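Data first, discussion second: the structure below is written as structure tokens.
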Amino acid sequence: MNTPKRLGRRNFLMGASGAVLAIPALHSLLPSAARANIGDGVRRNFISWRITNGMFGHDWFPTDAAASGLSVVEPNVREMPLSDIAGPISTLLDTRFDDFRDRMNLLRHIDRLDTADHNRRTGLFGWGNVDGIDVASLPPSIDNLIAEHAFDIPSIPLNLGVRWSSTAASCSVTTTSAGEVVEQPGLHPAQAFQALFAEFDIDDVAAARRREQKRLLVDRALEHYTSVRNHPRLSAADRDTLDEHVEHMYTLEHQLSLAAADCSPPDDPEGIANSPEGVDARAQAAVDIAIAALRCEMTQVVNIYLDPDVLFTDELHGVAGGHHGASHNGDPASVQSIQNAHRWHMHYLTDFLTKLDAGQDIVNGGTILDNSLVLVNNEIGNQNGQSGTQPGDVDLNHGALDNQVLLIGSAGGRLRTGNYLDYRTDFTRNRWSQYIGTSYNWVLVTCMLAMGLEPETWEVDGEPGYGDMRGHQYNMTPLDQVVVGDLRSYLPRLQA
Amino acid sequence: MARGVRTAPWWVAALLLPLGCYTGAESAVQDTDSADTAAEAGDGDSSGGATTDGDGTDGDGGVPAGCEADDVPSSALVRTNRDGIVNAIRDVFGDEVVDDLGPVLEAIPALHVGEFSTELAPPSYAEVSAQVNAAFTVASHLTRNDEALAALSQCLPSVPAGADATTEPCLTALIDDYGGRMLRRPLTDADRSRFADDYAIGAAHSNAEGVATLLTAMLIDPDFLYDRIVGEGNGDIVELTPHETAARLARVLWNSVPDEALVQAADEGLDDATLRAEAERMLEDPRARTALQGFFFDWMELEAVPFASQDAVPDVDARDALKEAMAASIMEFASATVLDGDGTYADLLVDRTAYVNDENLASIYGIAPSAGPSELPADRAGLLTRAGFIATQEIPGTNAGHLIKRGARLSTFICRPLPLPDADSFPQEDPAEPGENPTQGIRERFAEATAEATCAACHVQLDGLGAPLGHFGSLGEWIDDETVGAIALPIDTASEVLIDGQPVAIDDAVTLSEALAFSEEGPRCLAENMARNMLGRELTDDDACLVEEFARALTGEDGAPASVRDALLDFVVSERFRRVRTP
């Protein structure tokens, strides 16, 4: 069978000048035996949505009062349904998230074990500060592993960002067999549009063609069922049964014809300025391109790392001194700036989720969102102190404790959803008396498992583990004070 | 365990039956007039609507009394259930595609409306869309590259794009071979023409996609998704064609489509001797074992096997394994008894052979785990004393199993299900739980709580059937005493049970099993359930003679019961199996 037409790898790698930016290793030499998702008819997507520069827990998590329903469900796990939180979940997870409450999980007290600070790859655990590590033996970031191993036909991650420059804005990393760290380039919207949709022909998109084939087959089967239904040797009850079958096939045929129309190109973002004035239009374009690429089945892995940073301005966005600059200051104006920067991200995140959730995924059931897994992450943790919910308790250590982790979608039914899950232990050991949490490594392993990967796909020499587990360079929690997890199974309470 | 989802527990099914409690045998055949009459009279007539004389026949060539040769079931469509779809795909296209596409095939809903996974309601939208999706995915997988195409047919990779499937030899052979297997009959010219057009849909892009659309069309064809009888001849009663007989045989014995040997036999006419030989061959095949185990899974309500409590089995994986082992052990015993041991209905109820390789289950039985057969202790008998059948949820404050739930399961097992009482009739406190009363066992508590006549009418049967199992704790383990808190109470397992309409004194679980094993109503109930499973629907008056013939085959001649396997063979080669009444 001809391989369905997909975007060529080179398309993703071509910069505006047409030069190849980098050639990532495809890991085609990695063991392929672990493609557990192959053959699973549900089309799953993995999306990472990365926010930068840390966050304040009092904005992100429910207040202690709102979270009073948390109860210990097993060791080191507290849980409550998100639906039990009256009013908005939190300042940032406001009413726009209400439609997704039952399909997402908000995780609390997730701690990183990697080298912290602004290791821009850590959202997906590519390799950044790699001193002392034999890089050649390390697996790539999880988006690449998922893209290569989770699907019938390996996918290619689409990396989208707003602030694009010669320094790639991407958290997607792979390593060559020679041990070279290769950072997958991020594309700004105009580049991505050129790569994906410049020569877009809806009739030649494999997904649209397959749907149309399906629709035609159903249409023809309808004719045949009707003929069988009228056979004189059928009873009235049998005819009723076939009538129901026919009625559902009519519905399916109609839905398939609608589904084909769901694949359409986004607006061409060419000409949007790479400036503070253009940042909103660029972000919107990135969202719309991601949605179109997923709906048109051009990719199953998307990394969105908008990262406006210095494109944020006080006048336009209420963020003074750029996002990163504000994150190093604890004055009220800077704290407010951080909140505004996050509000900006949440606006586009909810727009993305809403669009991903629009319409039924007729082929797979549910919506595309239901069949996807969206990982919202941040390379820096909660900048609050102990409880993470007290606005006045600000600690600007750029640390890696109590991270921003939101999982949306069930990965096609593999994840249990709808809960606020607090993975803290009952000990208070670190020097800020913060609760000891559970490793972010385990979150990433959970994402890979939910996408259908087997541990052998990411493990090195058969040893359990994924990612940098050396602990933190920055005065962070020693390894033995974090629940590392078995790193071969789902985080507790997340497997459906 | 990948079995169909039961849509209604026993008590819902019971509610659908005519309300009231019967003290005599009631047939599952929906001849409510005769069943009610027989039951109310308590006269012991358990003939299921067909009357018999002394020897159970009318002396006319072995035809059951009251039955004519033309008393055959109607020719209702039988939907192919999910297992049937999967089995057919496996049998026609090989294991690999099913193994690779397990999740997409499991996405086809497996809801059923009756006791058996073969009893399906008209399809829902979810089912139809999932079937189409699965068909398309399977077909795409089977055509994913040249190697896969060659596995379907060596010549396929060389078929040029845009070929005409009405004339291209490789494609016409493909259509005949796979179309005939999936539709369970030789194709007509109209079929061939239709499938050639289906090929053309995908062939507009490539030969491989053409084959994919062709196979998809076969997999969503009504003659694949439904077992449909057209028959030969005119009039109300028609004979099944040889291919229809083969299709029915494959569905009943394998829950699949005929294999090549059976197709060939059907091509050659499938005479009586060949039909019997084919049926015997098919019963030797592992597919027959799987299908038979599926029947016992449904009949014994093994999906309802409870999980052990965390106190009893702390490890969650071990709890899962125990639940699976309880069901698997029963299915293995039943299929081995029927297919390997040539066992009778009585053997199913009294044989103590067991297949127990799970450590916790072995511990419940007080034996060592073993990869092969073991023998259960003498205080147990056949199916009715297996942990998977008698385990109930743990009752707080006591080690006893649930008397009434066991009585209810046994009632269903012998085709005498009882309705639930009105909710208003329930006592304030559940008699199953000892609460603050340490002086009574569960049997006494229920006796006291249900003494009133409206309750007692049903509880006579429920308590009578449940009490002999009193020495088995909630997980089915042997208990010497019934503990209520710190108090140990003696267990009284003696009871009186109506069997074949007569009161029979029962001492314990073993004597209960023996009494039912050698009864008339026991094998009759098995016959009814097997017939219901085969027909994929509740029984009606039209089925009475078919059931009767099968029951007679199980009961055997001269009081010597026949093996279930032989009865099944006699049944599937009988005229009544091969004829239907048309609308």
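FYI, it's all coordinate maths here, none of it is from the lab. This one's a predicted model, so the numbers in the text were calculated from it and none came from an experiment. Reconstructed Cβ throughout: ideal geometry from the backbone, glycine too, with neighbour counts over all protein chains shown.
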Can you give the mean number of other chain Cβ atoms that lie within 10 Å of the Cβ atoms in peptide A:242-252?
5
Mean Cβ-within-10 Å packing, highest first, puts peptides B:524-536, B:362-374, A:53-65, B:393-405 in the order B:524-536, A:53-65, B:393-405, B:362-374
If you count, for every residue in B:98-110, the Cβ atoms of partner chains within 10 Å of its Cβ, what is the mean?
3
Quote the relative contact order of the range B:198-299 in percent (integer), defining contacts as alpha-carbon pairs under 8 Å separated by 6+ residues.
16
When only C-alpha pairs under 8 Å and at least 6 residues apart count, what is the relative contact order of chain B, in percent?
20
Given R₀ = 22 Å, what would the calculated FRET efficiency be for A:ASN274 paired with A:THR95, taking r from the Cβ atoms and rounding to 0.05?
0.10
How big is the shadow of the Cα convex hull of the range B:351-488, averaged over all directions, in nm²?
8.9
So if I take the centroid of the Cα atoms in the range B:257-306 and the same for the range B:335-400, what is the distance between those two points in Å?
25
Taking the Cα atoms only, what angle lies between the long axis of helix B:453-466 and the longest principal axis of chain B, rounded to 10 degrees?
70
Over the range B:78-227, what is the mean sequence separation of C-alpha contacts under 8 Å (at least six apart), divided by residue count, expressed as relative contact order in percent?
25
If packing is taken as the average number of other Cβ atoms within 10 Å across a peptide's residues, how do B:447-453, A:100-106 rank, most packed first?
A:100-106, B:447-453
Computed, not fitted: 222 nm per-residue ellipticity of chain B from DSSP H runs ≥ 4 (each -39500 (n - 2.57)), nearest 500, equal to -14000 deg cm²/dmol
Nitroxide proxy distance, nm - points 7 Å out along Cα→Cβ at B:ASP197 and B:ALA488
7.9
What is the list of residues in the range B:367-406 whose amide nitrogen lies under 19 Å from a point 7 angstrom out from the Cα of B:GLU324, following Cα to Cβ?
B:369-372, B:387-389
If you line up the long axis of helix B:272-284 against the longest principal axis of chain B, both from Cα atoms, how many degrees apart are they, to the nearest 10?
70
Between the range A:298-356 and the range B:79-139, what is the separation of their alpha carbon centroids in Å?
47
Chain B: angle of helix B:189-203 to the longest principal axis, Cα-based, in degrees nearest 10:
80
FRET efficiency for A:VAL73 and B:ALA378, Cβ-Cβ distance as r, R0 = 35 Å, nearest 0.05?
0.20
When a/c reaches 1.5 or more, the comparison of a/b and b/c decides; with that in mind, is the range B:214-267 rounded, prolate or oblate per its Cα gyration tensor?
oblate
Quick check: residue separation of B:ASP164 and B:ALA150 times 0.36 nm, minus the Cα distance between them. What number comes out in nm?
3.2 nm
Convert each backbone phi in the range A:140-149 into a coupling constant with the Karplus relation 6.51 cos²θ - 1.76 cosθ + 1.60 (shift: θ = phi - 60°), then list the ³J(HN,Hα) values in order as whole Hz, x for Gly and Pro.
x, 5, 5, 4, 6, 5, 5, 4, 7, 10
Taking the alpha-carbon set of chain B, what are its Rg and Dmax in Å?
26.0, 85
Is there a simple number for the mean count of other chain Cβ atoms within 10 Å of the Cβ of residues in B:227-240, and what is it?
1
Evaluate E = 1/(1 + (r/R0)^6) for B:LEU420 and A:SER264, where r is the Cβ-Cβ distance and R0 equals 45 Å; express this FRET efficiency to the nearest 0.05.
0.25
Compare the peptides B:301-313, A:303-315, B:125-137 by average per-residue count of other Cβ atoms within 10 angstrom and give them in order, highest first.
B:125-137, A:303-315, B:301-313
